[in-house]
Each structure stands twice: as structure tokens, then as C-alpha cells.
Amino acid sequence: EDKVVQSPLSLVVHEGDTVTLNCSYEVTNFRSLLWYKQEKKAPTFLFMLTSSGIEKKSGRLSSILDKKELFSILNITATQTGDSAVYLCAVEKYNYGQNFVFGPGTRLSVLP
Amino acid sequence: NAGVTQTPKFQVLKTGQSMTLQCAQDMNHEYMSWYRQDPGMGLRLIHYSVGAGITDQGEVPNGYNVSRSTTEDFPLRLLSAAPSQTSVYFCASSSTQASGTQYFGPGTRLLVL
């Protein structure tokens, strides 16, 4: 059975801290791994990772994929209160059918 | 492009009532799906479709029906609402031809009393 696991499930930090969010997966027919940020409404896309070892970066956020060990990390440096959100990890499959498997999310709270 | 649209934004139902949540996309995406999201949980797949006329069950299909008569529309029907169906519902679409993200609608918050 396909599975995406995220840790920690919840995290509280102070502004300026650096955080690392983890995502591990056991999925057949892997195509890509996706990170989303969800505030009050729909998830918004952050990164798509398809190759191992290549870091994707956007401002203070970065992410990397390890396809051998089947995990990805999302780093946020110099956190701000606006980074408070649920961060979702999802795996896209090559599959005629259920294409996306989501993890439970990590709830990040950044205190001033 | 409007992207993925959902209506209504919020709905209150009584137990036993039926209703349809609407979802439409204008990106000509083949793949569309419905998720529900409950507090403390990720997105759970209810039903999905890989193209017009083709639908299948996801992880939590009981109590819901779908149809896909056109590429653009993918309505979700609640046959007889139950309090356990109180949730936030997201519709999403993606292209099956190229690796990429799912595009999410704004969500429908449903309360069943």
C-alpha cells in the first residue's frame, strides 16, 4: 500500500529560527514529489522534485529529494510569522488511476 | 484562465439531505479528483477521474457519487448527508501527459447537522 509519512506533525518555533520538515514515502511508480503550503484555504504549490540531489530553492525555502532513501526535506531559514501554515508533501505516481498520494502534513507555527 | 472553481463556498445541510458540490476547470486537464480534509489529517481522496466518462473510487468513497460527462466538470454528489461528512472538500485537476502539480479549487466547507 502506498504511504507518505511526514514528521514532525506539529512544530512551534520563533521568528528567525531555521526549520526542517521531513517527508518519507513508499510508493510504487514514483514520478515526482511535491510540496504544498496550506494556510486557510487551498494548498498552494511550492516545489516539484523529480531528481535526486538537486536542490530547489525559492527565497528562504529550499527542498531536496533522495530517491535512494525515499525521502525529501523542506528547509525554511529565517522563519517569519507568515510561514505559519500546514506543509503538505505529496507523491505523484505514473499510474492510470490514483495519481497523487498525500502525507498528513506538518503544522508549523512561527511565534513572533 | 479561471483555473479550478468550486461552488458553493459554504453549505449547511441537515442529516439525510442530498446535494451536489460543483467543480469546473478550464485548463483541459484530463485528471480531476475530489478530496476531503478533516482537522489534523491530510487530504484524503474520495473519487477521481482520468477523463470524460471514466471515474473510480479513491480512499474514502462511501456516501459519495461522481460523474464526468465533460472534461471540464466533475460534480460530487452526497446522496444522504451524515454528520461524518462535515469537512472541507477540495477539487483538483492535473494533466496526465506531463509531470506537474495538481491545481486546487478554493474548497467547499460543508457542515452537516
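The values are calculated or read from the model by the stated rules, or taken from the named source; none is laboratory data. This is a predicted model, so every value here is computed, not measured. Every residue, glycine among them, receives a Cβ derived from its backbone with ideal geometry; neighbour counts consider all protein chains shown. Ligands, DNA and RNA are excluded from the accessible area calculation, which covers all protein heavy atoms including side chains. Shrake-Rupley method; radii C 1.70, N 1.55, O 1.52, S 1.80 Å.
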With a 1.4 Å probe on protein heavy atoms only, tell me which residues of segment B:34-68 lose at least 50 Å² of accessible surface in the complex relative to the chain by itself. B:Leu43
At what distance in nm do the modelled label points of A:Thr50 and A:Asn29 sit from each other, each positioned 7 Å from its Cα along Cα→Cβ? 1.7
If Lys and Arg each add +1 and Asp and Glu each add -1, what is the summed charge of the other residues whose beta carbon sits under 10 Å from the beta carbon of A:Leu61? +3
From largest accessible area down, sort B:Tyr89, A:Tyr94; use a 1.4 Å probe on the protein chains. A:Tyr94, B:Tyr89
Considering just Cα atoms, how many Å³ per residue does the convex hull of the protein assembly as shown enclose? 122
By accessible area with a 1.4 Å probe, ligands and nucleic acids excluded, highest first: order of A:Phe71, B:Phe90: A:Phe71, B:Phe90
B:Lys9/B:Asp56 FRET efficiency (R0 35 Å; Cβ-Cβ; nearest 0.05): 0.80
Report in % the part of the accessible area of chain B that belongs to carbon and sulfur, leaving out ligands and nucleic acids; probe 1.4 Å. 50
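What full-extension length gain, to one decimal in nm, is calculated for A:Ala78 and A:Arg60 as 0.36 nm per residue of separation minus the Cα-Cα distance? Let's see the in-between values first.
Numbers: separation 18, 0.36 × 18 = 6.48 nm, distance 0.71 nm.
Full extension of this stretch gives 5.8 nm more.
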Rg and Dmax [Cα atoms of chain A; Å; Rg one decimal, Dmax integer]: 13.6, 46
Greater than 25 Å separation of Cα atoms is the criterion. Which listed pairs, A:Lys40/A:Lys68; A:Lys37/B:Lys9; A:Lys3/A:Lys68; A:Lys37/A:Lys67; A:Lys3/B:Lys9; A:Lys67/A:Lys93, meet it? A:Lys40/A:Lys68; A:Lys3/B:Lys9
Where in chain A lies the longest segment free of trypsin sites (Lys or Arg not before Pro) that are both loop residues by DSSP (not H, G, I, E, B) and have at most 15 other Cβ atoms within 10 Å? A:69-112
At B:Leu113 and A:Lys67, where each label point lies 7 Å from the Cα along Cα→Cβ, what is the point-to-point distance in nanometres? 5.3
